[in-house]
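The values are calculated or read from the model by the stated rules, or taken from the named source; none is laboratory data. The structure displayed is predicted, hence computed values, not measured ones. Methodologically, a virtual Cβ is constructed for each residue, glycine included, from the backbone with ideal geometry; neighbour enumeration extends over all protein chains shown. Remember, those area values only see protein heavy atoms, side chains included, never the ligands or the DNA or RNA. Shrake-Rupley method; radii C 1.70, N 1.55, O 1.52, S 1.80 Å.
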Amino acid sequence: MVFVDEYPETSKLVRSEFIVAFVALGIGALFGIVQALHRTGMFRGFVSSADYYTLLTGHGVLLALVFTTFFIAGLFAWGVTNSLDRELPQRIAWSAFWLMLTGTVLAAVAILGGVFGAPTILGHDLEADVLFTFYAPMKAHPAFYVGAALIIVGSWIAGLAYFKALWGWRAENPDERIPLKTFMIVTTMLMWYISTIGVAVEVVVFLIPWSLGLISQVDPLLTRTLFWYFGHPVVYFWLMPAYLVWYTILPKLAGGRLFSDPLARVVFVLFLLLSTPVGFHHQYVDPGIPEGFKFIAMTNTMFLLLPSLLTAFTVVASVEHGARQRGGQGYFKWLRSLPWGEPAFAGCMLAGLMFAAGGFSGMINAGMNINYLIHNTLWVPGHFHLTVGTAFALTAMAISYWLVPQITGKQLQRRSVAIAQPYVWFVGMALMSNAMHRAGLAGIPRRTAEPTYDEFAFEGLVGTVAEMRLQIAIGGLLLFLGAVMFLAVMAETWVAHRGGTLSVNSDFPAPLSGPEHSPRILDNYKLWTAIALVLIVIAYGPPLAAMLADGITMPGSPPIPV
């Protein structure tokens, strides 16, 4: 039976969440190509350099916060329902959806208000040119901060729906192991609950009162630290859903089975333990943090290589098993037997390949000494376009080709466009990210509409600066084309009529090594959550105590107008 017929209520919820995610993807992609053309000097007729920062904020918030959160909520709703064989508690799930949507609208209105004349509302100009990293002293309109808070709180309530479904299932199946998809989802949400405490405190306790004028100043180092307490774990909030797809769906698409259920569970437990106490590696140049705690963050970050390497081994082994089931032979010739003409499979595989490259550049970001070479340069967006911009985004688009027919009951339309789209995205990202990394090594800064200085000439280590800019522009155009191709396929599929027999289903073959081979202690969420909290106290307790010793808002800074 098709998922939409078996679980109509959850299917309606997933469709609603995906629609918001896809709209955010389209608007964010449009902002992205305008930035790429403006910054590289290829075409500057869309916006002024002042409004460039508004689009940069919108691009980051819509893609890194709205697109990701809504798509993950839809994917998780499908995953819990599919693996537990029960509808989600609808009242809780829909409350989360409407709360997140309200927050999205508030934040979007605040961001776009600056482009259309910045009207004064609640005594403040309606604008939010604070970029995705919205910490003090740059100030946005209160509506932006309230919107961000509602998105976070809505995601918490969405997680409650998953946990309530799990508790109901466990009451009926007390001796059963938690199904793998649900295990991954609730582990991700536990990590999310822990990591979003920082940004919730930053926004609710400091930034909203500060933006309303209720307090005159805040401590920029404290708000920056609270943001980055959340700012790196959010990367794993994006990546863990991609891992869920690679572990549970990709082996099926390859024609095989998951290599090891126990290894998958170990990987997600490691992410729960290690994702949060790493945020100081974003603050290596901040003088107010002792070097020893930066070193702890660096060490924890390097430990995160372990779950990534385990994932590479397990996923490749699973895919190879599928290829050999299809008749593949030899050390590498089996790659030819994989279904590269299937858009869902090809997109997930290309996303994984690009993520491997992002992992190598991420090791440079994590190292204390070599980080100084690329800090605040184009290297950094070059890196996270490989992670959230491809590992997550391309996986999300690719798996939508497989999942949307299940939640709509409709055949995928424009299949030839869907087949080409992952390759267009892959080539575009390879070009743009390659040039960004090289530009970062040349010292070209990020976050600026005018990356030139009269007194300084950048020297490209490989190629010229002009060539890098051209490559970024071409890559950006291909990425925008890839987004348009995806959205066109989704739109036509959405409005198509139901008919025929769907070629996709939600049945999954048993892993080669199943949950019975893993120790039951892996399902002990209380233990792993407690250990994660202890690691966080060690990494963050003394530095935060030092920051608060001279007063909660001291040394303070008044808001800086943008």
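Between the amide H of M138 and those of I560, distances stay under 5 Å, these residues lying 5 or more places away or on another chain, with hydrogens modeled in the peptide plane.
Between the Cα long axis of helix 142-172 and the first principal axis of the chain there is an angle of about 30°, rounded to the nearest 10.
Of the labelled figures (i) 62, 50, 45; (ii) 86, 71, 45; (iii) 70, 57, 51, only one reflects Cα extents along the principal axes in Å as derived from the coordinates, namely (i). Rounded to the nearest 10 degrees, the inclination of helix 68-84 to the longest alpha-carbon principal axis of the chain is 30 degrees.
For the stretch 125-230, applying the loop criterion from DSSP together with a ceiling of 14 other beta carbons within 10 Å to the GluC sites (Glu not before Pro) yields E176. Per-residue surface analysis assigns L412 an accessible area of about 30 Å², computed on protein heavy atoms at 1.4 Å probe radius.
Past the 22 Å Cα-Cα mark, which pairs from K12/K410; K12/K252; K294/K526; K12/K164; K181/K333; K164/K410? Pairs exceeding the cut-off: K12/K252; K294/K526; K181/K333; K164/K410. Projecting the Cα atoms of P209, A136, M184 onto the charge dipole of the stretch 101-257 (Cβ charges, centred on the Cα centre) puts M184 farthest toward the positive pole.
The listed residues S48, S518, once ranked by accessible area (1.4 Å probe) with the largest placed first, stand as S48, S518. Relative to the dominant Cα principal axis of the chain, helix 90-113 is inclined by about 30°.
Counting protein heavy atoms only, the stretch 119-193 has 64 percent of its accessible area on carbon and sulfur, 1.4 angstrom probe. At q = 0.13, 0.23, 0.26 Å⁻¹, what is the base-10 log of I(q)/I(0) for the stretch 258-303 according to the Debye formula with one equal point scatterer per Cα and no solvent? Please give it to two decimals. Each listed q corresponds, in turn, to -0.39, -0.75, -0.86.
Quick one: putting +1 on the C-beta of Lys and Arg, -1 on the C-beta of Asp and Glu, what dipole do you get for the chain around its Cα centre, in Debye to the nearest 20? About 1140 debye. Per-residue ellipticity at 222 nm, computed for the chain from helices alone with -39500 (n - 2.57) per DSSP H run of at least four residues, works out to -22000 deg cm²/dmol. By a 1.4 Å probe calculation restricted to protein chains, M42 has an accessible surface near 90 Å², given to the nearest 10. When the stretch 209-355 is described by a simple charge dipole with +1 on each Lys and Arg Cβ and -1 on each Asp and Glu Cβ, the residue from C348, H232, V266 located farthest towards its positive end is C348. For T377, the amide hydrogen comes within under 5 Å of the amide hydrogens of R446, counting only partners 5 or more places away or on other chains and with H modelled in the peptide plane. Considering only G551, W494, F456, and ranking their Cα positions along the charge dipole of the stretch 417-562 that arises from unit charges at the beta-carbon of Lys, Arg, Asp and Glu, the one farthest toward the positive end is W494. For the stretch 372-526, the share of alpha carbon pairs falling in successive 10 Å distance bins from zero is 10, 27, 21, 19, 16, 5, 1 percent.
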